[in-house]
Structures are given as structure tokens and as C-alpha cells.
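The structure appears right after this line, and notes come after that.
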Amino acid sequence: MQRSALFILAILLPALFAACEQPRAAGDAHAIIVAASEDAWAASEETIMNAMEPTILTVREDRTFRLTYQDPRDPDWGRLQRFRQVLAIGTEEDPWVQEALNEVRPRRSPEPPELLQANNVWARGQVVTIIVAEPGREAEAVEELAEPLHELLDAQYRAYALNRMFVTGRDSVLADSLRRNVGFSVVVPVVYRHSARDSIYRFRNDNPSPAELIREVSVTWKSPIPEDFDDDDLLEWRQRLADEVYQDGQNVNMDRSEISTVQVNARDALQIQASWESGADAWPAAGPFMSRAIVCPEDDRLYLMDGWLYAPGRDKYEYMIQLKTIMDSFRCG
């Protein structure tokens, strides 16, 4: 009889553990559920939104993170607490903060105001970020920790975007071949296709479908280096490139634009970031682009790097991180 009971228990235990298994976290990596009392949220909403939802330059105002507030005492909390990213704000006595603190490793008593993180609190694959405040001082805690909160989550999101970008691996063979045979190199994921015509080199990823998502970077150059070159010259050069090689052409829209000088592997580069629109006779399309002019005196070349994105109906922050990473990998000389 005892052996039978042990046998039944051995069969039932895996099922019991499976029943207790947490659900998998839902939601996008940049979608954040904010759990706080109504009073705490009313006092800190503006601070949180300003810190966590800065816009990036694309075709329209795109948010880096999307925040959704939820009172954890409402019935909907049981569903939303399973999101991939949760921000819990409150005191140690608040149940939603207390439950998250129980999963902080190594477990210890917080010292308010403090910023902490815990994994898999209410779902598998979940990250819960916690702002622990003294009673009645939630707004002050948020004010003090808003900037480090954004820095933490933005750094984690950038790492996530790059991991997804290079899941197929880095095409180091292509980079070495370009450097040896052409005079410049860029590092792209293995999944990118590349082509060359005259002195125009293109690197493109249009998975899963060019109707849904395109990421492309092109590189070309002038030699000898022009004596005078400014942002108008860069825009004109970019337009000639688009007319020559981009399907349906791309017209520059400077209504929302940024012109700056950036560093690319210790070289100054003139950069223009704005948006493009398809030609009048083409299928209506648009997206952001980033063009750079990089001087390489060793080769007597002025390089043009142009990266553009087509992602209708998608949040673009992840893909802009990916384009910038490729363009930042440029080397010459």
C-alpha cells in the first residue's frame, strides 16, 4: 500500500509543479505597465512620462517607451501584472511592491528612495523595476530616481535590440573582405544581403517582407575630397543616390530634421537625420533616414553613409538603434 501511494505521488508531483508554473510574460519589451496608487500616480505622472517617453526623430513623434498606468487594486491588475515590463511604485507596505521585493536577489531591506529590479515576479521572462519610497513621499522618490530609471531601462532595451539584431551572428567575413578589397568596412548581421554596383555598396534586410519592414545602409564615396562640403551638399548627394539606386526613389522631407556632427570611430562626421517620402508616381511610403559624410584623408575619400528604414505601423526605436549600430561600425583608412 505504501509503495502504491509513493507511486501515485511520483506521478502527481510533476503535474502539480506544472500547474504552479507561472504564465509566460506578455507584451513588447518597450511597453511598460506602471503600478501605483492613484494618489502616487497623480503626483508623479508628469515626471515619469517626461523621463520615460522622450520622442525620437522618425516620420512622426515616436515614443521610446509606451507607458500604461494601472491601479494594482483594480480587477484588471491580475491580467496586466503579467506584462513583460512592470514599473512598481510605492512603499514597502504596498502589496505590489512587497511581492516584487520578495524576488529581489540578494534579498535585503530596501533603503528608500531606492531603485531595484526583480525577475519573474508574476510571470516568466518578466522584469519588474521597483521605486521604493517612504510613506507619503512617492512623488519625491520618482523625482529623484526618474533619470537613473530611464538610463537603466534604456540601456537594457538597447542591449535587447542588439541581441535581436545579431541573433544570426556578425558577418565578420564580409567586413574583412570589404576592408581588404574596397578600403572601408561595416559590420552587419549575417542575415543582411549585400550588393555592389560601381562604387555603391548596399546592405539590406527586408525580412519578413519588404511590404512590412526594410532596413538598408548604403556606402559610396567621392575622390578627391571636395574642398568645400556642407549639409546642402550632403542632401544633394543623398538625393542623387536615392534617385539612382532606391526603388521608386526617395524625396527628402526636412520638416522634422536634425543636423549635427557625430563621432564615428574617432572621426568627425556630418550627420543629417530626417525623413524620406516615395516619389509622386510610386506607392505612398515614408520612413526615417540618417545620412553621414565622413572624411578619410588616408584614402583621399569623402564617404557617404546612408541608412533608412521602412516600417509602417511599427514602433521604430528598436530599428533606429540597429541602423545606428551598423553606421557606427564604419571604418576606413
Going by how many other Cβ atoms sit within 10 Å of their own, how do 104, 186 line up, fewest first?
104, 186
Going fewest to most other Cβ atoms within 10 Å around each Cβ, 332, 296 line up as 296, 332
Per residue Cα convex hull volume in Å³ - calculated over the chain
206
Volume in Å³ per residue [convex hull over Cα atoms, computed for the stretch 167-257]
134
Sorting 316, 324 on the 10 Å Cβ count, fewest up front, what's the list?
324, 316
Sorted by chain and then number, the residues having a modelled amide H within less than 5 Å of the amide H of residue 250, at least 5 places away or on another chain, are 243
Using a basic spin-label model with each label point 7 Å from the Cα along Cα→Cβ, how many nm lie between residue 22 and residue 199?
5.6
For the stretch 264-325: rounded, prolate or oblate by the Cα gyration tensor [a/c cutoff 1.5]:
oblate
In whole angstrom, largest first, the equivalent ellipsoid semi-axes that the Cα gyration tensor gives for the stretch 168-332 are 23, 20, 15
Let me have the relative contact order for the stretch 76-225, percent, based on Cα pairs under 8 Å that are six or more residues apart.
14
Normalised by the residues of the stretch 168-332, what does the relative contact order come to in percent, with Cα pairs under 8 Å and at least six apart?
24
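Here, each number is a calculation from the coordinates, and none is a lab measurement. Just so it is clear, the structure is predicted and the values come from calculations on it, not from any experiment. We place every Cβ from the backbone using ideal geometry, glycine too, and count neighbours over all the protein chains shown.
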